[in-house]
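This report concerns only the one structure given below.
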Amino acid sequence: MPELPEVEGVVRSLGPAATGRTVRDVTISDTIIRSKAESKEAILKNISPEEFTDRMRGMTILNVTRRSKYIYFHLEKDGVPSLLVSHLGMSGAWFAVGSLDEVTEGKFRRHIHVVFGMEDGGLLVFADIRRFGELRLIGGESDHPPLLAMAPEPFDEEAEGHFLEMSASRKYRDKPIKETIMDGHVISGCGNIYATEALFRMGIHPGRKTNRISMERRAKLFRVIVEILGEAVEAGGSSISDYRNINGEAGSMQDRLQMYGKKHCPSCGSETKRRTIGGRTSVYCPKCQH
Ligand SMILES: [Zn+2]
């Protein structure tokens, strides 16, 4: 699943390709139209395909930014601002192309679900193999309260204090540390890959209870998470599962991962262990992580 660095990679390539362009028309796949007709919420959230198409027509994209694992398209039509919030789910990808033939990778090409035809003749395409992605058209963040409940951006100054406070709260103090750091209310954008790496670098067992780690070590762990997220942003994210930026490229951070998906510990050579924590598989070294 794309985490902060992968979403940042999409935004950095999508921003220049989308900014300043105006939507002329929208095409939605039959799969999504059928799903919506059965009252399922595949991709288009809280809006019918007709209303989505109608409201998106004539929208100008002012800017594209990232908030946690979400892509924000800041829009405007007739002087009224709107926000299109996109989540990549497990396998969502955006492409900026002249025609659909340019989406060359078959697995994405077969799963094109929303196409924005732009006034300049080009296309902005959302493809999603497993359809866990989301598009939500709202007036602003306050129209969708979960967006306001997200932890600050990890690179922002207040993020460390927020993390320390949340980690000491009743809700998180007895949880395994890995579950705590992967919770978007505690830290924004840190998922399984980067949580696994940070805990390995710190020598902390993923199942250790949050309050069994001193505040000082928790603060250090937070800084290690930020450092790893920063390295991964610079590397363009990790080419894991179906992540692509809008040029169809994936990043190179996977070559620098030391514990995620590994069978042996790079530091002591022990066989790594796997355990489910917070519903996700955790890999760790039983010798180096306590
Ligand atoms: Zn080890």
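Filtering region 273-290 down to residues that are in a loop (DSSP other than H, G, I, E, B) and modelled with pLDDT of 95 or more, which residue is most open to solvent (accessible area, probe 1.4 Å)? Before you say what the answer is, go through the steps one by one.
The first filter runs over region 273-290 and keeps only residues in a loop (DSSP other than H, G, I, E, B), leaving 278-279, 285-290.
Then drop every residue that is not modelled with pLDDT of 95 or more, which leaves 285-290.
Values: 285: 0, 286: 54, 287: 141, 288: 40, 289: 4, 290: 117 Å².
Top of the filtered list is 287.
In region 233-264, how many are modelled with pLDDT of 90 or more, basic (Lys, Arg) and more than 16 Å from the ligand (Cβ to nearest atom)?
Adding up the residues that qualify gives 1.
Give, as residue ranges, the strands (runs of 3 or more DSSP E) completely inside region 58-117 that count at least 3 residues that are closer than 25 Å to residue 155 by Cα and open to solvent by 30 Å² or more (accessible area, probe 1.4 Å).
Result: 60-67.
Within region 141-148, is even one residue open to solvent by less than 60 Å² (accessible area, probe 1.4 Å) and among the small types (Gly, Ala, Ser)?
Within region 141-148 (the criterion being open to solvent by less than 60 Å² (accessible area, probe 1.4 Å) and among the small types (Gly, Ala, Ser)), the answer is no, since none of the residues qualifies.
Could you list, in sequence order, the residues of region 37-57 that are open to solvent by less than 30 Å² (accessible area, probe 1.4 Å), in a loop (DSSP other than H, G, I, E, B) and within 21 Å of residue 75 (Cβ to Cβ)?
Our first condition is that a residue be open to solvent by less than 30 Å² (accessible area, probe 1.4 Å); within region 37-57, this holds for 42-44, 47, 49, 52-53, 56.
In the following step, the residues that additionally are in a loop (DSSP other than H, G, I, E, B) were identified as 42, 47.
Matches in region 37-57: 47 only.
If you take just the helices (runs of 4 or more DSSP H) that sit entirely in region 172-272, which of them hold at least 3 residues that are in contact (Cβ under 8 Å) with a residue 60 or more places away in the chain?
192-202, 215-234
Tell me the residue from 34, 12, 24 that is closer than 26 Å to residue 237 by Cα and open to solvent by 10 Å² or more (accessible area, probe 1.4 Å), please.
The conditions single out 12.
Scan 267, 214 and give me the residue that is over 24 Å from the mean Cα position of the chain (by Cα), open to solvent by 30 Å² or more (accessible area, probe 1.4 Å), within 14 Å of the ligand (Cβ to nearest atom) and on the phi < 0 side of the Ramachandran plot.
267
Taking residue 197 as the residue in question, decide whether it is within 20 Å of residue 4 (Cβ to Cβ), within 16 Å of the ligand (Cβ to nearest atom) and of a type in the set (Asp, Glu).
Yes: the conditions hold for residue 197.
Whether any residue in region 118-131 is at pLDDT below 95, open to solvent by 40 Å² or more (accessible area, probe 1.4 Å) and either of a type in the set (A, V, I, L, M, F, W, C) or assigned to a loop (DSSP other than H, G, I, E, B) (or both) is what I want to check.
Among the residues of region 118-131, at least one is at pLDDT below 95, open to solvent by 40 Å² or more (accessible area, probe 1.4 Å) and either of a type in the set (A, V, I, L, M, F, W, C) or assigned to a loop (DSSP other than H, G, I, E, B) (or both), which makes the answer yes.
The values are calculated or read from the model by the stated rules, or taken from the named source; none is laboratory data. On a predicted model such as this, the values are computed, not experimentally measured, just so you know. For neighbour counting, all protein chains shown are included, and Cβ atoms are generated from backbone atoms with ideal geometry for every residue, glycine included. The accessibility values were calculated without ligands, DNA or RNA, using every heavy atom of the protein model including side chains. Shrake-Rupley method; radii C 1.70, N 1.55, O 1.52, S 1.80 Å.
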